[in-house]
Amino acid sequence: MTVETRPAPRLHRAWLIAGAAFVALLASAGFRAAPGVLIDPLHEEFGWSRTTISSAVSVNLVLFGLFAPFAAALMERFGIRRVSATALTVIALGAGGTVFMTASWQLILCWGVLVGLGTGSMAMGFAAMVATRWFVRSRGVVTGVLTAAGATGQLIFLPLIANLAVSSGWRTASLVIAIAALAVVPVVLLVIRDHPADVGTTAYGTPADAEVTRPAPTTGSVRRALSVLGQAARTRTFWLLAAGFAICGATTNGLVGTHFVPAAHDHGMPQTTAASLLALVGVFDVVGTIFSGWLTDRVDPRILLGVYYALRGVSLALLPQLFTDSVQPSMWAFILFYGLDWVATVPPTVALCIRAFGDAGPIVFGWVFASHQLGAAFAASAAGLVRDQLGNYTLAWYSAAVLAVIASVASLAITRAKKPVAVLAT
């Protein structure tokens, strides 16, 4: 008597795509980790004020956010693979170009414009596009993992950049980031595909009898992105999501991501120690974002956002009392919590965009993410100005705590959508 054995099921191609996207997002985040540890070295070498240096960070953050919806539309037209490979190349050019700068406008051009456009193309809209096209089942978890890649890469690079800046100079740190971005381009070109139909399959979790179909091609990427914005902006849901996410950006990338290290240094903590603390935020962020994605598949995303923002506000209100010249247990507690909460807001926000706007959800999320970066840019500049004028960051921390509570209220005020808003293709 013979016993038939079934061949082991093959790994779905979607997981390979997600893995390559994770690596690409990790690499693209490298140069965005630089501001927090390079503010003081640039100030010392060139004599530029923190307000001037922070303005370059603000340009980066604005372009990073504003280009995201256009990048999503470009991916619809030209494909995920080509757009992401080009973006990584632009990041490398911007990072490498900084080593030759001698004037502040060159900092704005390289650090602000080039890196802003490149990272904007590899922003969370990219993560939403991959998760939406390649996954039906586990979409929330995948969104969480890819979101964690961007934020975690930014924070994990911090100790490397800080140590290189101290031991070999900030130019060496910039060149290492440029090389890392270029090294990922072959991975993107070899592994990532634009749509499941390109390899004769369907999205992961699609019913077995579903047909392998390709979405209709789109033209006019700019017109498509603006058309989606025009229609989404007529809804209350869009503005509540945008307001909450603007505050999210202000309280993460703009304030903590940019100014935590110099703020800790103001209290006598070594820059490398502060950078390592911020890197730990990135480690805990992986757990928090993936768990948030899992929760998003099971819990009302509006409630999740309300809780996340409220707890963030409490932690920011306590932070000014936690800074000392050494790492105390209370600071470890803050790092743990803020890491779990850092971008836990992304999976429920993406879910609400898809729920409210259907297939146009990734582009709508791109616009919502643009508000995130506008909030981050404002906070980066405002906190730098507060530090220059008052000599400390205390007012910035308390203001951010109040804003986080406002974001919590806005999230809970979102009405549950009965069906997606019809957004016409162009």
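Scan the stretch 154-169 for residues that are surrounded by 20 or more Cβ atoms within 10 Å (Cβ to Cβ) and either among the polar types (S, T, N, Q) or touching a Gly at 6+ places or on another chain (Cβ under 6 Å) (or both) and the total you get is 4. S84 fulfils the conditions (1) in contact with a Leu (Cβ under 8 Å, 6 or more places away or on another chain); (2) of a type outside the set (K, R); (3) farther than 18 Å from I161 by Cβ except for a single criterion, (1).
Of all residues in the stretch 250-304, those satisfying the criterion of being assigned to a helix (DSSP H, G or I) and among the charged types (D, E, K, R) are D266, D285, R302. Take the conditions (1) at pLDDT 80 or above; (2) part of a helix (DSSP H, G or I); (3) of a type outside the set (D, E, K, R); I156 misses just one of them, which is (1).
Within the stretch 279-306, the set of residues being closer than 18 Å to W332 by Cβ, modelled with pLDDT of 80 or more and touching a Leu at 6+ places or on another chain (Cβ under 6 Å) comprises V281, F284, G288. The set of residues in the stretch 81-116 that are small (G, A, S) and either closer than 16 Å to A183 by Cα or over 20 Å from the mean Cα position of the chain (by Cα) (or both) comprises S84, A85, A87, A92, G94, A95, G96, G97, A103, S104. Count of the stretch 185-218 residues, restricted to those that are modelled with pLDDT under 80 and loosely packed, with under 10 Cβ neighbours inside 10 Å, is 6.
With respect to being closer than 26 Å to H372 by Cβ and either buried (at least 22 other Cβ atoms within 10 Å of the Cβ) or under 14 Å from the mean Cα position of the chain (by Cα) (or both), S138 falls outside the description. Pairing each residue of the stretch 317-344 that is more than 15 Å from L255 (Cα to Cα) with any residue that is among the charged types (D, E, K, R) and at pLDDT 90 or above, provided the two are 6+ apart or on different chains, yields no C-beta distance under 6 Å.
Exactly one residue out of T132, T147, T172, T119 is within 21 Å of the chain's Cα centre (by Cα), surrounded by fewer than 23 Cβ atoms within 10 Å (Cβ to Cβ), hydroxyl-bearing (S, T, Y) and in a helix (DSSP H, G or I), and it is T132. In this structure, is A72 out of contact with any Lys or Arg (no Cβ under 6 Å at 6 or more places or on another chain) and crowded, with 24+ Cβ neighbours inside 10 Å? Spelling it out, A72 is indeed out of contact with any Lys or Arg (no Cβ under 6 Å at 6 or more places or on another chain) and crowded, with 24+ Cβ neighbours inside 10 Å. In this structure, W105 does not qualify as farther than 18 Å from A279 by Cα, in contact with a helix residue (DSSP H, G or I) (Cβ under 6 Å, 6 or more places away or on another chain) and of a type in the set (F, W, Y). Residues in the stretch 352-369 that are modelled with pLDDT of 85 or more, over 20 Å from the mean Cα position of the chain (by Cα) and not aliphatic (A, V, I, L, M): R355, F357. Of all residue pairs spaced 6 or more apart or on separate chains, those with beta-carbon atoms under 7 Å, a first member in the stretch 136-150 that is farther than 12 Å from V346 by Cβ and a second member that is buried (at least 24 other Cβ atoms within 10 Å of the Cβ) and among the hydrophobic types (A, V, I, L, M, F, W, C) are R139/A131. From the list P362, P347, pick out the single residue that is in contact with an Asp or Glu (Cβ under 9 Å, 6 or more places away or on another chain), more than 18 Å from N253 (Cα to Cα) and buried (at least 20 other Cβ atoms within 10 Å of the Cβ). Going through P362, P347 in turn, just one is in contact with an Asp or Glu (Cβ under 9 Å, 6 or more places away or on another chain), more than 18 Å from N253 (Cα to Cα) and buried (at least 20 other Cβ atoms within 10 Å of the Cβ): P362.
Being assigned to a helix (DSSP H, G or I) and surrounded by fewer than 16 Cβ atoms within 10 Å (Cβ to Cβ) is the filter here; which residues of the stretch 314-335 pass it?
V314, L318, Q321, P329, S330, W332, A333
The values are calculated or read from the model by the stated rules, or taken from the named source; none is laboratory data. Remember, it's a predicted structure, so these values are computed and weren't measured experimentally. A quick note on method: Cβ atoms are made from the backbone with ideal geometry, for glycine too, and the neighbour counts reach across all protein chains shown.
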